[in-house]
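Right, one structure below, let's go through it.
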Amino acid sequence: MTCSIRKWELSDAKDLSIALSNKKIQDNLRDGLPYPYTEEDGAAFISAMLSENENDTFAFAITVDGKVIGSIGVFRQRNIHRQTAELGYYIAEEYWGRGIMTEAVKQICEYVFSKSDIIRIYAEPFAYNVASCRVLEKAGFQYEGTLRNNAVKNGKVIDMKMYSLLK
């Protein structure tokens, strides 16, 4: 099963809302997303991504057979980290474990490195999210260390892991 990444379209809001209205997915993302996630929430997110500076925010829909199954983005950091960017992603649960996310990560990293002056892309998955850590490793990211007691998620203090890929 192959995937592709493409720019968001407002018509993707429904597929986005279906994927993000899953507690298992939200448990692996940062806080701040509404639950359940509505089509209106999706439209607002897509509008925001489409209005961002294309040299700072690289936000794409992940598709399989023309259907949006997830989201992936690389976000430029500021100040002395201006050539560094953070990676974030998720896909609908029914597509987990098929190598799709690894392929999407490779695609976006190739895109960002070829279209910008970014020299380092990093990701900070929750330490308990073994599958996300594996995605990064299979996409060529290097494990840099564990950020101990780095976040509070669902009322628990948790570790995060730091991975990076250099241009």
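Of everything in region 117-134, what is in contact (Cβ under 8 Å) with a residue 40 or more places away in the chain and either within 22 Å of residue 27 (Cβ to Cβ) or aromatic (Phe, Trp, Tyr) (or both)? Give them in sequence order.
First, pick out the residues of region 117-134 that are in contact (Cβ under 8 Å) with a residue 40 or more places away in the chain: 118-123, 125-126, 129, 132.
Matches in region 117-134: 122, 123, 125, 126, 129, 132.
Okay, residues lined up against (1) touching a Gly at 6+ places or on another chain (Cβ under 6 Å); (2) free of Cβ contacts under 8 Å to residues at least 24 places away in the same chain; (3) acidic (Asp, Glu); (4) more than 23 Å from residue 101 (Cβ to Cβ):
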position	(1), (2), (3), (4)
4	no, no, no, no
10	no, no, no, yes
15	no, no, yes, no
20	no, no, no, no
26	no, yes, no, no
38	no, yes, no, yes
50	no, no, no, no
69	no, no, no, no
84	no, no, no, no
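Return a yes/no flag: does region 120-127 have any residue that is within 29 Å of residue 44 (Cβ to Cβ), assigned to a loop (DSSP other than H, G, I, E, B) and open to solvent by less than 50 Å² (accessible area, probe 1.4 Å).
To start, the set of residues in region 120-127 that are within 29 Å of residue 44 (Cβ to Cβ) comprises 121-126.
Retained after the next criterion (residues that are assigned to a loop (DSSP other than H, G, I, E, B)): 124-125.
Right, trim to open to solvent by less than 50 Å² (accessible area, probe 1.4 Å) and you get 124-125.
For region 120-127, residues within 29 Å of residue 44 (Cβ to Cβ), assigned to a loop (DSSP other than H, G, I, E, B) and open to solvent by less than 50 Å² (accessible area, probe 1.4 Å): present.
Residue 75 versus (1) aromatic (Phe, Trp, Tyr); (2) closer than 20 Å to residue 2 by Cβ; (3) out of contact with any helix residue (DSSP H, G or I) (no Cβ under 6 Å at 6 or more places or on another chain): which is the lone unmet condition?
(2)
Quick check: anything in region 136-155 within 25 Å of residue 21 (Cβ to Cβ), touching a helix residue (DSSP H, G or I) at 6+ places or on another chain (Cβ under 6 Å), touching a residue at least 60 places away in the same chain (Cβ under 8 Å) and of a type outside the set (Lys, Arg)?
Within region 136-155, the first condition is being within 25 Å of residue 21 (Cβ to Cβ), and the residues that meet it are 151-155.
Applying the additional criterion that residues be touching a helix residue (DSSP H, G or I) at 6+ places or on another chain (Cβ under 6 Å) yields none.
No, region 136-155 has no match at all.
I'd like the full set of residues that are out of contact with any Phe, Trp or Tyr (no Cβ under 9 Å at 6 or more places or on another chain) and not in a loop (DSSP other than H, G, I, E, B), limited to region 135-149.
Residues satisfying the conditions are 138, 145, 146, 147, 148, 149.
Are any residues in region 128-158 of a type in the set (D, E, K, R) and surrounded by fewer than 15 Cβ atoms within 10 Å (Cβ to Cβ), and if so, which ones? Steps first, answer last, please.
Step one: list which residues in region 128-158 are of a type in the set (D, E, K, R), which gives 134, 137-138, 144, 148, 153, 156.
Result: 134, 137, 138, 144, 148, 156.
The values are calculated or read from the model by the stated rules, or taken from the named source; none is laboratory data. Being a predicted model, the structure only gives us computed values, none of them experimental. Glycine gets a Cβ as well: all are built from the backbone with ideal geometry, and neighbour counts include every protein chain shown. Heads up: the accessible areas ignore ligands, DNA and RNA and are worked out on the full protein's heavy atoms, side chains in. Shrake-Rupley method; radii C 1.70, N 1.55, O 1.52, S 1.80 Å.
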